[in-house]
1. Has the range 252-270 got any residue that is assigned to a loop (DSSP other than H, G, I, E, B), over 25 Å from the mean Cα position of the chain (by Cα) and at pLDDT 95 or above?
2. Just to be sure before I move on: is THR253 away from ligand 2 (no atom under 16 Å from the Cβ), in contact (Cβ under 8 Å) with a residue 60 or more places away in the chain and among the β-branched types (Val, Ile, Thr) in the structure I sent?
3. Quick one: in the range 6-41, which of the residues that are assigned to a loop (DSSP other than H, G, I, E, B) and surrounded by 21 or more Cβ atoms within 10 Å (Cβ to Cβ) is nearest to ligand 1 (Cβ to nearest atom)?
4. Being in contact (Cβ under 8 Å) with a residue 40 or more places away in the chain, among the aliphatic types (A, V, I, L, M) and either within 16 Å of ligand 2 (Cβ to nearest atom) or not assigned by TED's automatic domain parsing to the domain that holds SER214 (or both) is the requirement here; does LEU134 meet it?
5. In the range 196-207, which residues are surrounded by fewer than 16 Cβ atoms within 10 Å (Cβ to Cβ) and not hydroxyl-bearing (Ser, Thr, Tyr)?
6. Taking interchain pairs and intrachain pairs at least six residues apart, which have beta carbon atoms under 8 angstrom, with the first residue in the range 307-318 and of a type outside the set (Ser, Thr, Tyr) and the second at pLDDT 95 or above and within 16 Å of ligand 1 (Cβ to nearest atom)?
7. With the structure loaded, tell me whether SER197 is hydroxyl-bearing (Ser, Thr, Tyr) and either assigned to a loop (DSSP other than H, G, I, E, B) or within 32 Å of the chain's Cα centre (by Cα) (or both) or whether it fails that test.
8. If LYS268 satisfies all but one of (1) touching a strand residue (DSSP E or B) at 6+ places or on another chain (Cβ under 7 Å); (2) without any contact (Cβ under 8 Å) to a residue 40 or more places away in the chain, what's the number of the condition it fails?
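The values are calculated or read from the model by the stated rules, or taken from the named source; none is laboratory data. If you're wondering where the values come from, they're calculated on a predicted model, not measured in any experiment. Cβ placement follows ideal geometry from the backbone for every residue including glycine, while neighbour counts extend to all protein chains displayed.
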Amino acid sequence: MVEERVVSGMRPTGALHLGHYHGAIKNWVRLQSEYPCLYFVADWHALTTHYDEPEVIERHVWDMVIDWLAAGIDPSQAVLFIQSRIPEHAELHTLLSMITPLGWLERVPTYKDQQEKLADRDLATYGFLGYPLLQSADVLIYRAKYVPVGEDQVPHIEFMREIARRFNHVYGREPGFEEKAKAAAKKLGSRKAKLYSELRTRFQEQGDSAAVESARALLEEQQNLSVADRERLFGYLEGGGRMILVEPEVMLTESSKLPGLDGQKMSKSYDNAIALREDPETVRKKLRTMPTDPARIRRSDPGDPAKCPVWQLHLVYSDDKTRAWADKGCRSAGIGCLECKEPVIASVLAELAPMRERAQKYLDDPTLVRNIVADGCEKARRLAQETMREVREAMGLNYA
Ligand code: TRP
Ligand code: SF4
């Protein structure tokens with residue numbers, strides 16, 4: 001239960017572009033070999049804002065999953081699944097809603113921001129207000145330790161930490177908690193029980209954080225403890241009740257430095273994106289016609305890389321030597337813009353080529369993708385059910 005699990009989700013926006021890759025997926029790919037990772041399609045979250053467009057969900061979901069796989073998410077390492085296929089997320093959302101103060105939701109900054117940004121939609125809905133709570137259920141149900149997200153999602157992670165804390169506070173204080181925790185400690189065996197108790201005292205009396213770390217590690221190693229006893233020992237260690245839900249931490253993904261073709265943020269809606277599965281000819285053409293420093297009207301006019309979106313691409317794709325060459329050539333009008341773009345074009349194409357190849361396999365045989373997701377859903381569901389058993393019991397719902 002306490003392995004350092006990573007959970008993250010993405011709304012199904014359809015085929016992904018290089019902005020998604022550099023802003024999130026590349027990081028997911030790196031994490032999959034370092035932690036047990038669960039990545040899912042947040043299709044219910046798509047409905048919180050686009051409830052009137054149900055017809056696009058299916059296509060967007062599969063396009064996105066294919067792109068995850070194309071970009072290097074490896075289903076033998078990470079668990080891939082779809083939110084709506086794990087109804088336990090909805091159950092946890094409902095149960096958490098019982099203890100969620102309305103004010104907490106209303107104060108989440110994205111609530112008002114998004115309502116203003118998406119002013120053409122009526123977002124005065126219950127589902128939209130509950131967006132961060134549904135997201136909390138997504139993460140808390142897997143007792144994740146880390147949530148890799150961008151800056152914009154930080155308030156949502158803060159929110160879910162508070163929800164977890166509140167839940168443990170309200171429901172972790174079962175009758176006879178202390179006696180049960182002590183009984184659980186005995187089950188560690190006398191040597192480890194003694195160590196646990198010493199570490200706990202050192203933490204509680206002297207705030208020794210190394211002691212609490214060691215005690216946690218000790219508990220994590222125990223194979224034969226029941227989930228309930230483990231939660232008791234974790235909670236007792238820090239002086240609270242049972243730690244039924246784990247407070248997750250943000251794992252901040254550096255925001256993508258990759259601009260769109262016009263220098264603004266890359267986004268499908270700005271029509272300035274390069275899709276991961278775009279064919280090489282189109283990629284080449286898009287980059288060749290990409291605007292540069294407007295001061296370079298003629299080939300002989302010197303330019304300033306700081307005023308050119310292509311330079312931003314050099315910062316992402318080129319090594320120091322190539323950058324120095326471009327910078328000097330630009331300022332001295334020693335090179336033309338097309339020449340300057342060549343190394344960038346080559347790097348983008350080299351990055352995309354293996355993705356297109358991998359995607360083709362899944363496009364040729366869609367059952368491969370369905371099977372990967374079915375398998376992921378099954379694994380996710382087992383974990384979710386384990387947590388829900390604890391949650392239901394804590395909330396008095398496991399009666400006969
Ligand atoms: N809200 C996230 C976004 O817009 C998507 C998301 C839904 C998510 N559930 C999640 C991200 C759980 C991380 C963890 O990007
Ligand atoms: Fe941009 Fe390169 Fe042209 Fe300079 S030479 S304006 S950096 S494309």
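1. If we filter the range 252-270 for residues that are assigned to a loop (DSSP other than H, G, I, E, B), which is where we start, we get 253-258, 260-264, 266-267.
Now narrow it down to the ones that are over 25 Å from the mean Cα position of the chain (by Cα): 261-263.
Filter once more, so that each one left must be at pLDDT 95 or above: 261.
Checked the range 252-270: at least one residue is assigned to a loop (DSSP other than H, G, I, E, B), over 25 Å from the mean Cα position of the chain (by Cα) and at pLDDT 95 or above.
2. For THR253, the condition - away from ligand 2 (no atom under 16 Å from the Cβ), in contact (Cβ under 8 Å) with a residue 60 or more places away in the chain and among the β-branched types (Val, Ile, Thr) - is met.
3. We begin by selecting, within the range 6-41, every residue assigned to a loop (DSSP other than H, G, I, E, B); these are 11-16, 33-36.
Now drop any that are not surrounded by 21 or more Cβ atoms within 10 Å (Cβ to Cβ), which leaves 12, 16.
Working: PRO12: 10, LEU16: 13 Å.
Taking the candidates together, the pick is PRO12.
4. On the way: in contact (Cβ under 8 Å) with a residue 40 or more places away in the chain: yes; among the aliphatic types (A, V, I, L, M): yes; either within 16 Å of ligand 2 (Cβ to nearest atom) or not assigned by TED's automatic domain parsing to the domain that holds SER214 (or both): yes.
When the stated conditions are applied, LEU134 passes them.
5. GLU198, GLN204, GLU205, GLN206, GLY207
6. VAL316/HIS22
7. On the way: hydroxyl-bearing (Ser, Thr, Tyr): yes; either assigned to a loop (DSSP other than H, G, I, E, B) or within 32 Å of the chain's Cα centre (by Cα) (or both): no.
Judged against the criteria, SER197 is not a match.
8. All conditions are met except number (2).
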